[in-house]
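The values are calculated or read from the model by the stated rules, or taken from the named source; none is laboratory data. On a predicted model such as this, the values are computed, not experimentally measured, just so you know. So basically every Cβ, Gly included, is an ideal-geometry build from the backbone, and we count neighbours across all protein chains shown.
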Amino acid sequence: MVARESLEALASSVCSHRKSMRPARTKVLARFVRLAGYDGLLVVLDEMVNLHKLTSSQARNANYEQLLHIVNDVVQGAAADIGFVMGGTPEFPEDARRGLYSYPALASRLAENRFAHQQLVDLSGPVIRLQNLAPEDLLALLGNIRHVFTSGGLARHAIPDEALIAFLGHCSRKIGDAYFRTPRNTVTAFVNMLSLLEQNPGTGWRDLIGMVDIAPPDSIEDRAAGEAPQLYDAPPAIDPDEELARFRL
């Protein structure tokens, strides 16, 4: 049995290599994970929308080619004991000019079930569309965060269920439906409140909830997906000091 310390050293060495995400290297690492007693290796690639934002079509296609190798190995059974989860906004696969579906080989392999729609969901396909959280979902999420924050001890919960409902009501009054549709700021404020309660035992949760300041989401990732994606390559910026910047024929 391979020692877990040796596995961690191997993973650190492989991940530090600039070409560590090559499929062959990742397969070797997955094999060592199995020898260490784990069920397998799960690789999570988040913020994949950054590939969609690349202005160079050559750079995008080079990255999509690597993703194609990964998809082929997983679908055809050439990669054992390893799984991949890629997360991104809807523009990442759907943009006809820059997204995954702009690469024909990936578009065919990642095709969704044409019979699935908003009421009928197919979770067995390669692409799973996540729905926005409902208020009930966010309430359950905050309950789980509270449980993790106290290391799973029910007796150590800093706030009761009543406080969760009061906190969500406060967020709703502050930023409206955005508190559960784009919950990043809501979750951050909730964790900050738990931290204060933990470090200041004499403080009551009712005193803090009214002081919580929730800012509406303003980052690109937090905005609703209704904005039209940029469908052209932006021209490179011109350096005004460049010798030929003002040259005209």
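Checking the condition over 16 Å from D213 (Cα atoms) and either modelled with pLDDT of 85 or more or not small (G, A, S) (or both), which residue from F190, F149, F167 passes? From the options F190, F149, F167, the qualifying one is F149. In the set (1) farther than 27 Å from L67 by Cβ; (2) in a loop (DSSP other than H, G, I, E, B); (3) free of Cβ contacts under 8 Å to residues at least 40 places away in the same chain, the condition left unmet by S195 is number (2).
Taking the criterion of being farther than 19 Å from I159 by Cα and of a type in the set (G, A, S), the residues of segment 97-149 that qualify are G99, S102, A105, A107, S108, A111, A116, S124, G125, A134. Looking at this structure, is E136 under 30 Å from Y179 (Cα atoms) and surrounded by fewer than 13 Cβ atoms within 10 Å (Cβ to Cβ)? So E136 fits the description; yes.
Do we find a residue being surrounded by 12 or more Cβ atoms within 10 Å (Cβ to Cβ), in contact with a His (Cβ under 8 Å, 6 or more places away or on another chain) and not assigned by TED's automatic domain parsing to the domain that holds L51 anywhere in segment 151-160? Yes, that holds for at least one residue.
Within segment 57-93, restricting attention to residues that are free of Cβ contacts under 8 Å to residues at least 60 places away in the same chain and either of a type in the set (D, E) or not assigned by TED's automatic domain parsing to the domain that holds F32 (or both), the residue that is surrounded by the most Cβ atoms within 10 Å (Cβ to Cβ) is D73. Restricting attention to segment 94-105, the residues being free of Cβ contacts under 8 Å to residues at least 24 places away in the same chain and over 22 Å from the mean Cα position of the chain (by Cα) number 1.
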